[in-house]
Amino acid sequence: MCLAIPMRVTQVSGDPDDFTTSQVATVDADGISQEIRLDVVDRWPEIGDYLIIHAGFAIHTLDEEEAKANIELIRKMAESMPEELLR
Amino acid sequence: MKYVDEFRDSALARPLLAELKKSCTRPLRVMEVCGSHTMAIFRNGIRSILPEGFELISGPGCPVCVTSASHMDAFIAMADQPGVRVAIFGDLFRVPGSTGSLANASSRGAKVDIVYSPMDALDLAAANPRDLVVFLGVGFETTTPGIAATIKAAKLRKITNFTVFSTHKVMPPPLTALLDDPELRIDGLLCPGHVSSIIGAGAYQVLVDKYRLACVVAGFETVDLLNGLILLARQVANGAPAVENTYPRAVSWEGNPRALKMVAEIFEPVDMEWRGLGVIPESGLRIRPDYSEFDAEKRLDVVLPEAEEAKGCRCGEILKGKSSPPECPLFNTRCTPANPIGPCMVSSEGTCAAYQKYGGA
Amino acid sequence: MSEKTILLDHGSGGTASQDLIGNLFLKYLDNAILHGLEDSAILENQPGRLAFSTDSYVVDPIFFPGGDIGKLAVHGTINDLAMRGARPLCLSLGLILEEGFALADLEKIIASIAEASKSSGVPIVTGDTKVVPKGKGDKIFINTSGIGIVDENLDISSTRGRPGDNVILSGTMGDHGITIMTRRAGISLQGRLESDTMALHTMVAKLVAEVGDGVHTMRDPTRGGVATSLNEIAASCKLSIELKEEDLPVTPEVRTACEILGLEPLYLANEGKCLVIVSAEQTQQALAVMHGCREGAQAQVIGRLIEGPPGRVVINTPIGGSRIVTPLHGEPLPRIC
């Protein structure tokens with residue numbers, strides 16, 4: 001029930017174990033960037049990682065290996081569909 | 001956008017649609033738990049080309065829709081109090097209580113600020129020390145970790161005029177409440193995407209074990225949704241219900257322990273009223289005593305008014321998946337987006353709003 | 001003027017008002033007609049019919065990337081005249097200022113109005129200024145009214161659409177709306193988002209000259225966006241409109257900002273774009289004219305008019321499905337669900 005989109009990390013600051021530090025990252029996608037909070041992300045990101053962002057917070061790091069595997073699987077499923085059934 | 005566009009690839013969609021048709025070997029009824037799934041399915045046009053026999057019904061996963069009328073009335077009463085500034089997600093602005101909405105309150109001078117993130121509400125409190133800022137907390141597990149982190153930050157930054165009115169709810173309990181109802185006949189669940197990022201795909205195993213339901217966790221893009229529906233159809237056809245996660249890039253089996261820890265630090269379970277479903281035990285969250293100074297209900301001594309549901313409104317039945325919007329006598333006649341009677345019409349992802357906005361082309 | 005802010009006296013018609021007019025307004029807006037500072041501007045007769053339009057501007061914030069409330073006010077009324085195929089002749093400028101409004105900001109806005117007026121070739125020939133007490137206005141409200149001339153034989157109106165007509169959109173959607181939304185307090189997205197405010201009358205004049213009768217309807221999709229404008233047009237000509245989602249032009253930045261905030265470009269305001277409903281036979285010609293203009297460089301066909309339930313707008317999605325596009329019922333708000 002929640003709008004969230006993947007954005008790429010360009011800057012990280014704060015200490016994941018110290019909540020008195022400001023745990024923030026700058027993320028961008030297609031020319032738009034914003035500063036978001038890392039207080040509740042599952043694992044501390046590195047620059048270049050993708051994060052799922054909801055309401056100004058990173059709620060999960062995006063697993064790029066899983067993304068690639070997932071789309072490959074789907075593509076294979078699509079390719080194996082015989083041409084005649086597509087009509 | 002990377003990791004979005006590939007999953008919107010319409011060149012993949014045609015063969016997937018064919019595969020969906022092929023996999024749908026017997027009629028099946030699937031509940032979309034999540035309001036954002038309802039919207040996405042309509043928006044992408046999937047609704048209009050579902051194979052015959054594949055029935056999708058909408059469930060209680062729209063946090064605004066399931067906010068009780070008495071909570072809405074309490075929100076509005078708070079907003080009307082002098083010295084109080086309510087901060088909300090835009091979703092709440094037009095939701096009707098018994099006698100109007102926060103939009104109406106704003107028009108009579110209440111201070112209602114629409115924010116994108118709960119942290120913006122905290123900044124608002126810091127910038128307006130003479131107002132008591134109340135963040136109206138609605139949302140499921142996707143949203144509560146951020147609210148919890150904001151309360152924690154408020155304590156660390158010693159911001160004393162920031163509070164949260166928590167009507168936050170948690171996801172598995174209403175599903176078991178619904179599934180215990182023998183009148184509800186469904187074969188599978190399209191499980192939420194981002195709620196599952198937090199609670200993990202494993203949270204639905206109990207539904208497979210107890211109710212023999214097909215459970216598929218899916219994302220929100222066209223390819224994600226079609227893939228999820230295909231796997232549901234196959235599970236039902238094979239009589240082999242299980243939890244399958246088709247959104248592994250954002251959801252793991254165990255979820256996000258760091259976020260869950262943050263929520264547990266600030267909140268504790270409480271019985272909560274769900275609009276249309278009644279009170280469900282341990283289905284909500286309230287702020288723990290350690291953080292009670294940030295609890296708006298305690299700070300403002302809130303007494304929940306006894307609110308009445310509008311006559312004829314079928315939001316409750318619709319949220320339980322027992323009715324569809326066209327079956328409600330008020331749908332599109334007295335209850336329209338311009339004049340919503342129940343939350344299912346006004347919430348951007350309410351079932352009735354989705355039907356009205358996207359339905360029947 | 002030694003004060004730094006607007007005072008109630010500036011609106012009372014006395015010497016303070018005269019000072020403001022002489023030292024600020026005429027400094028930037030001067031022209032032969034305005035200079036007389038008469039109660040009314042007298043305009044010479046022109047052959048053709050008169051077009052007359054009015055619009056008020058209350059946008060907040062008053063300064064934003066790509067423009068300001070003044071520029072918007074000039075372009076907006078020029079465009080409303082152009083949408084009926086009129087050649088804009090002149091504008092009036094009515095200001096309601098809040099007591100305490102910074103004079104430096106007023107000067108910036110007047111300078112901007114002057115610049116927009118000059119580069120569009122449409123002078124301000126008459127004006128008025130009032131001041132309201134602090135708290136009774138929001139810095140500055142502007143009204144512009146405009147007069148234009150329409151050729152005798154030209155009938156561009158929303159009732160003229162015919163089945164088979166194409167719908168052209170002159171450029172990308174949602175730029176203005178999302179820029180204003182993100183500038184409001186609390187939403188801090190960085191990126192190339194700017195208002196598309198622009199005067200369209202030069203392009204429209206070329207279009208009308210070359211395509212003439214083939215242009216049936218024009219509309220600038222301001223508040224409510226393309227979705228709302230098309231719903232209005234479909235209702236007026238009692239037809240349905242069918243759009244193709246893949247053909248809707250949106251910049252990547254606008255798309256991303258919308259995704260983050262839960263908004264739809266179809267419903268966001270545009271201040272430098274127009275919809276052109278044109279006959280099927282003359283669509284390519286219209287596109288060629290628009291592409292030859294700066295204002296229409298990214299023009300493209302986004303849909304067409306069809307027989308169907310009057311007033312219905314439908315969008316075909318890339319996967320072969322469809323959904324209805326309803327008009328906007330209230331202001332778009334950022335959402336999380």
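The values are calculated or read from the model by the stated rules, or taken from the named source; none is laboratory data. On a predicted model such as this, the values are computed, not experimentally measured, just so you know. Note that each Cβ is placed from the backbone with ideal geometry, even for glycine, and that neighbours are counted across all protein chains shown. Only protein heavy atoms, including side chains, enter the accessible area calculation; ligands, DNA and RNA are left aside. Shrake-Rupley method; radii C 1.70, N 1.55, O 1.52, S 1.80 Å.
For the reader, a short list of remarks on this structure follows.
- Computed about the Cα centre, the dipole magnitude for chain C is approximately 560 debye when only Lys and Arg (+1) and Asp and Glu (-1) carry charge, each at its Cβ.
- Working from Cα pairs under 8 Å separated by at least six residues, relative contact order for chain A is 25 percent.
- Rg ratio (alpha-carbon, reference 2.2 N^0.38 Å) - the protein assembly as shown: 1.00
- For segment B:61-170, the convex hull spanned by the alpha carbon atoms encloses 85 Å³ per residue.
- Ranked by the mean number of other Cβ atoms within 10 Å of their residues, highest first, the peptides A:17-24, B:114-121 come out as B:114-121, A:17-24.
- Computed in the context of the full set of protein chains, the accessible area of segment B:182-317 at 1.4 Å probe radius has 49% of its extent on carbon or sulfur.
- If you look at the Cα atoms of segment C:269-337, you get an Rg and a Dmax of 15.6, 45 Å.
- Viscosity 1.567 mPa s, temperature 4 °C, Stokes-Einstein D of segment C:103-207 from Kirkwood C-alpha radius, µm²/s: 71 µm²/s
- Of the Cα atoms belonging to segment B:254-361, the radius of gyration and Dmax stand at 17.9, 53 Å.
- Set of lysines near C:LYS118 by C-alpha distance (under 23 Å), chain-local residues within fewer than 8 positions excluded: C:LYS27, C:LYS71, C:LYS108, C:LYS206, C:LYS273
- A simple rule links phi to the HN-Hα coupling: the Karplus curve 6.51 cos²θ - 1.76 cosθ + 1.60 with θ = phi - 60°, which for segment A:54-62 gives 9, 6, x, 10, 7, 9, 6, 7, 8 Hz, with x for Gly and Pro.
- Here, P(r) means the percent of Cα pairs in each 10 Å bin from 0 to the largest distance; for segment C:189-253 it is 14, 36, 40, 9, 1.
- Relative contact order, percent, chain B [alpha-carbon distance under 8 Å, six or more residues apart]: 23 percent
- GNM result for chain A, Cα springs below 10 Å: residue of A:GLY31, A:GLY56, A:GLY48 fluctuating most strongly: A:GLY31
- C:THR251 - accessible surface, heavy atoms, 1.4 Å probe, Å² rounded to 10: 30 Å²
- Averaging 1/r across all pairs of distinct Cα atoms in chain B and inverting the result yields a Kirkwood radius of 21.0 Å.
- Neighbours of B:LEU232, meaning other residues whose beta-carbon lies under 9 angstrom from its beta-carbon, give a summed charge of -1 when Lys and Arg score +1 and Asp and Glu score -1.
- Restricting segment C:95-154 to GluC sites (Glu not before Pro) that sit in a DSSP loop and have at most 14 other Cβ atoms within 10 Å of their own Cβ leaves C:GLU152.
- Pairs with C-alpha atoms separated by more than 27 Å, drawn from the list B:LYS320/C:LYS244; B:LYS111/C:LYS139; B:LYS158/B:LYS298; B:LYS111/B:LYS261; B:LYS169/C:LYS244; B:LYS111/C:LYS136, are B:LYS320/C:LYS244; B:LYS111/B:LYS261; B:LYS169/C:LYS244.
- Along chain B, counting only GluC sites (Glu not before Pro) with a DSSP assignment other than H, G, I, E or B and at most 14 other Cβ atoms inside a 10 Å radius, the longest segment between sites is B:53-182.
- Other residues within the sphere of radius under 9 Å centred on the Cβ of B:SER292, judged by their own Cβ, net out at 0 (K and R +1, D and E -1).
- Based on protein heavy atoms only, segment C:8-150 ends up with 46 Å² per residue of surface accessible to a 1.4 Å probe.
- A 1.4 Å probe run over the protein chains yields, for chain A, 45 Å² of accessible area per residue, whole-number rounding.
- Amide hydrogen neighbours beyond the local backbone of B:ARG85, cut-off 5 Å, H modeled: B:LEU132, B:VAL133, B:VAL134
- Hydrodynamic radius by Kirkwood, which averages 1/r over all alpha carbon pairs of segment B:144-288, in angstrom: 16.7 Å
- Relative compactness, chain C, computed as alpha-carbon Rg over 2.2 N^0.38 Å: 1.04
- In the B-A interface, the accessible area buried, summed over both sides, Å² (probe 1.4 Å): 4000 Å²
- Separation of alpha-carbon centers, segment B:177-217 and segment B:16-86, rounded to whole Å: 15 Å
- Segment C:96-168 versus segment B:258-300: alpha-carbon centroid distance in Å: 51 Å
- Coarse-grained scattering of segment C:8-150 at q = 0.09, 0.16, 0.17 Å⁻¹, given as base-10 log I(q)/I(0) from a Debye sum over alpha-carbon atoms: -0.26, -0.83, -0.93
- Each distinct pair of alpha carbons in segment C:148-247 adds a 1/r term; the inverse of their mean, the Kirkwood radius, is 15.8 Å.
- Equivalent ellipsoid semi-axes - Cα gyration tensor, segment C:180-337, angstrom: 27, 20, 14
- The C-B contact accounts for roughly 2700 square angstrom of buried accessible surface, both chains included, probe 1.4 angstrom.
- Percent of alpha-carbon pairs separated by more than 19 Å within segment A:9-78: 38 percent
- Interface residues of segment B:142-164, defined as those losing at least 10 Å² of solvent-accessible heavy-atom surface relative to the isolated chain (probe radius 1.4 Å), are listed as B:THR142, B:THR143, B:PRO145, B:GLY146, B:ALA149, B:LYS152, B:LEU156.
- Under the combined filter of DSSP loop state and at most 10 neighbouring Cβ atoms within 10 Å, segment B:82-156 retains these trypsin sites (Lys or Arg not before Pro): B:ARG108, B:ARG130.
- Ranked by solvent-accessible area (1.4 Å probe, protein heavy atoms only, all chains present), the residues B:TYR355, B:TYR3 order from largest to smallest as B:TYR355, B:TYR3.
- Close amide H partners of A:SER33, meaning residues 5 or more places away or on another chain with modelled amide H under 5 Å apart, are C:GLN190, C:GLY191.
- In segment B:205-318, the alpha-carbon atoms span a convex hull of 180 Å³ per residue.
- Split the accessible area of segment C:166-324 by element, probe 1.4 Å, and carbon with sulfur accounts for 47%.
- Local electrostatic count, B:TYR247, Cβ distance below 13 Å [Lys/Arg +1, Asp/Glu -1]: -4
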